[in-house]
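Peer 1: The structure follows.
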Amino acid sequence: MKLLTFFILIALFTTAYSAEIPDAHPPMDHSTIFKHADKTTADIESMRQAEVVEVINTSGYTYIEIIQDDKPVWIAVPTTVVKVGDTVHYSDSLPVENHSSQSLNRTFESVIFLNKVVINSDK
């Protein structure tokens, strides 16, 4: 009986430990990416918009540089197809400061992680 209890406790601790995600970790829900067809014009009009000036793809994310309030800003979304010159519509979110991307071997001064963007939508 003690052995069974021991294994149950080990399983619980292992599950609890592996479920913890650091506060600054990017979102992991890749199911919420949406395109223009998924949103109404009113939804899109309530979002910010910017032109894409640089795109960097990794295995899990697409990093998109935009100009926001006359300043360059990086946003990151789960991997999606976007190119320089596209217009992206997105909701505001808080940035992650000094984000280190191991796959790019690069530290971003600031990057905003988002679950979704709308690309090249017509109002």
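Peer 1: Using Cα pairs closer than 8 Å and at least 6 residues apart in sequence, work out the relative contact order for the stretch 72-123, in percent.
Peer 2: Over the stretch 72-123, the number comes to 48 percent.
Peer 1: Expressed as a whole percentage, what fraction of the accessible surface of the stretch 43-123 belongs to carbon and sulfur atoms when a 1.4 Å probe is rolled over the protein heavy atoms?
Peer 2: With neighbouring chains kept in place, the figure for the stretch 43-123 is 42 percent.
The values are calculated or read from the model by the stated rules, or taken from the named source; none is laboratory data. It should be emphasised that the depicted structure is a prediction, and the values quoted were computed from it without experimental measurement. The protein model used for the area step is the full one, side chains on, heavy atoms only, and it has no ligands, DNA or RNA in it. Shrake-Rupley method; radii C 1.70, N 1.55, O 1.52, S 1.80 Å.
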